[in-house]
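The next block holds one structure in the form of structure tokens; read it before the comments.
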Amino acid sequence: MAIDPIVICLSRTGEGVAHDIATALGASVHGREGRVKRADAYFADALIHLRDLFAAGVPMVGVCASGILIRAVAPLLSDKHTEPPVVSVSDDGAVVVPLLGGHRGANRLAQQIAATLGSKAAITTAGDVAMGVALDEPPAGYRLANSEHAKPVMAAILSGAGVRQTGEPLFDLPEATDAKVTISVTEAPVKGDDSRLVYHPQRHVLGVGSARGADAQELWQLVCETLDQAGVAPGAVASINTLDLKADEPAMNALSQRLGAPLRLFSSGELAQEEKRLANPSEVVRAEVGCPGVAEAAALAAAGDQGALVVEKRKSANCTAALARAPELITTHAGRARGRLSVVGIGPGQSAWRTPEASRLIADADLLVGYGLYIDLLGPLAAGKPRHDFPLGGEEARCRHALEEAGKGKNVALICSGDAGIYAMGALVFELLDRTPEQGGVSDAAHRAEVICTPGVSALQAAAARAGAPLGHDFCAISLSDLLTPRADILRRLQAAAQGDFVIAFYNPVSKRRRTLLAEARDILLAHRPADTPVLLASNLGRKDENLRFRRLDALKVDEVDMLTVVLVGSSQSRLLKLGEGKRMYTPRGYAKRIDG
């Protein structure tokens with residue numbers, strides 16, 4: 001479980017048990033508002049909150065009825081190999097049931113909770129019940145090479161096939177003289193099948209270097225040759241290690257992904273400390289990057305003081321590789337990770353409109369950066385996470401800070417409302433990366449961080465959905481803020497949109513000091529479309545105080561619009577339809593004409 005579990009408490013009767021579990025696990029308690037006295041974070045709607053955590057990949061321990069957890073996550077179930085553990089605990093702590101993710105940590109979590117509470121873990125997974133082991137969840141420091149064969153092997157064992165273990169004994173299983181199933185623990189590249197599971201102890205680390213822009217296939221080929229020389233399986237490699245200047249090198253990251261091993265980075269100063277242990281120090285390399293070697297030094301730094309080179313530096317035209325071995329299993333990694341900045345759009349506010357990917361990136365993050373209100377809208381998902389709040393008007397400062405923190409190796413989520421790429425921070429992040437140092441750009445380290453953008457529900461989409469279907473035909477969005485866009489440009493775009501008969505979404509329609517552009521926009525549009533053109537004023541979308549108002553274009557008044565309002569103005573073809581539940585606005589695309597024709 002990469003993400004710490006959350007303990008969910010729904011009632012006061014289970015509060016003591018919830019806190020006992022949280023203390024044992026080092027976890028946070030999320031409690032239902034109005035029903036739980038003491039919690040690290042509170043939520044109003046249990047089903048929505050549980051779904052939000054599950055979609056984010058957060059392991060959950062619910063001190064509540066199993067049915068509540070099942071109903072909450074059932075609509076999201078799709079792939080048991082990726083879904084987080086879900087464990088149910090009765091209010092009195094007497095029963096602990098792993099509901100989902102038995103072989104992804106839930107069984108182990110349930111047993112730990114049961115031991116804490118002095119109760120019983122109701123584990124139903126066949127292998128755990130019959131043998132007390134989960135073959136597809138090896139202990140830390142081991143990797144199962146052929147997980148696709150775990151199911152048939154387990155079936156064979158449960159059917160009475162004897163087991164033989166070769167190498168170090170990994171599981172507490174009786175040995176059979178007529179064994180038909182083999183469990184092999186080896187560093188060598190042994191092939192598994194329906195009768196053999198192969199586990200690799202992770203004691204080896206790769207050190208790699210490359211010229212800028214080296215071919216990923218060239219590095220992969222060199223690494224394969226290095227492992228072949230040592231007789232070591234790829235699955236026995238615990239990490240890929242290199243100089244921090246290579247953090248953004250595509251070949252390095254492709255190698256990490258291909259081997260399923262983390263990329264770890266070291267500064268030139270850290271690598272220079274390995275000089276006395278290098279087999280092939282190079283003054284040429286020292287002059288170029290500040291240390292006498294990269295591949296060997298990175299491998300040794302990752303293997304630790306007691307580690308040793310297994311394969312000295314090998315070279316290809318543009319790459320280098322070396323292999324080192326640690327005396328003990330590697331379960332924690334030296335060096336630092338490549339930083340990542342996730343530019344996240346959280347939608348208008350309510351968690352039900354936040355995408356599962358956005359929730360997962362937020363849950364994964366080490367640090368949240370953004371306008372304080374937007375981080376607050378995350379509710380319990382942000383509880384306990386370090387955060388750096390910035391005020392309105394501090395857009396460049398917050399983006400710069402987020403990039404620089406990612407450059408230090410942190411996993412940062414830059415929180416934006418709506419869609420981060422629509423009138424939000426996405427463009428500014430890339431603008432900062434595009435600037436030269438003389439233009440106020442960011443550091444080289446920030447440039448080497450990974451940048452991920454995830455879509456969100458934009459304000460115009462949310463407003464349109466609430467209205468009906470006003471964006472059914474061509475539309476555009478125009479910001480009426482002249483803070484960053486010259487007023488003349490805004491007026492020119494208004495004229496073009498009016499003449500083109502676009503449905504228009506107005507962002508930033510007014511501010512305390514800026515009150516005239518919306519009125520000018522109304523007058524420009526009235527010269528090109530009917531006075532009764534429908535207009536939607538949508539405020540605080542997705543929040544408790546959401547407010548939707550329909551107006552005629554000629555009756556649009558500036559005083560009923562504020563900065564939290566999205567203004568949707570229909571085209572000449574847009575219509576306002578009266579239905580039983582109220583009014584709906586839509587823009588026909590012309591299907592009726594096609595049918596009539």
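The values are calculated or read from the model by the stated rules, or taken from the named source; none is laboratory data. Quick caveat, the model's predicted, so the values are computed rather than measured. Positions of Cβ are generated from backbone atoms using ideal geometry, with glycine treated the same way; all protein chains shown enter the neighbour counts.
Things worth noting here:
- Residue count for segment 306-343, restricted to those that are part of a strand (DSSP E or B), under 33 Å from the mean Cα position of the chain (by Cα) and within 23 Å of Ala251 (Cβ to Cβ): 10
- Qualifying residue in segment 190-213 (condition: part of a helix (DSSP H, G or I), assigned by TED's automatic domain parsing to the domain that holds Leu255 and surrounded by fewer than 19 Cβ atoms within 10 Å (Cβ to Cβ)): no
- Residue within segment 398-412 that is aliphatic (A, V, I, L, M) and either at pLDDT below 95 or under 24 Å from Val73 (Cβ atoms) (or both) present: no
- The set of residues from segment 368-418 being assigned to a loop (DSSP other than H, G, I, E, B) and more than 25 Å from Ala44 (Cβ to Cβ) comprises Pro391, Leu392, Gly393, Gly394, Lys408, Gly409, Lys410.
- Residue, nearest to the chain's Cα centre (by Cα), within segment 386-426, restricted to residues that are crowded, with 19+ Cβ neighbours inside 10 Å and charged (D, E, K, R): Lys410
- Top-ranked residue in segment 47-79 [being outside any helix (DSSP H, G or I) and in contact with a Lys or Arg (Cβ under 8 Å, 6 or more places away or on another chain); ranked as surrounded by the fewest Cβ atoms within 10 Å (Cβ to Cβ)]: Gly57
- Among the residues making up segment 154-167, those that are under 10 Å from Lys180 (Cβ atoms) and either at pLDDT 85 or above or surrounded by 13 or more Cβ atoms within 10 Å (Cβ to Cβ) (or both) are Ala156, Ile157, Ala161, Gly162, Val163, Arg164.
- The sole residue among Leu323, Leu309, Leu271, Leu341 that is without any contact (Cβ under 8 Å) to a residue 40 or more places away in the chain and buried (at least 24 other Cβ atoms within 10 Å of the Cβ) is Leu271.
- When segment 107-132 is filtered for residues that are among the aliphatic types (A, V, I, L, M), surrounded by fewer than 18 Cβ atoms within 10 Å (Cβ to Cβ) and either over 25 Å from Ala155 (Cβ atoms) or modelled with pLDDT under 80 (or both), the ones remaining, listed by number, are Ala115, Ala126, Val129, Ala130, Met131.
- Yes/no for Glu225 being outside any strand (DSSP E or B), in the same structural domain as Ala301 (by TED's automatic domain parsing), under 32 Å from the mean Cα position of the chain (by Cα) and acidic (Asp, Glu): no
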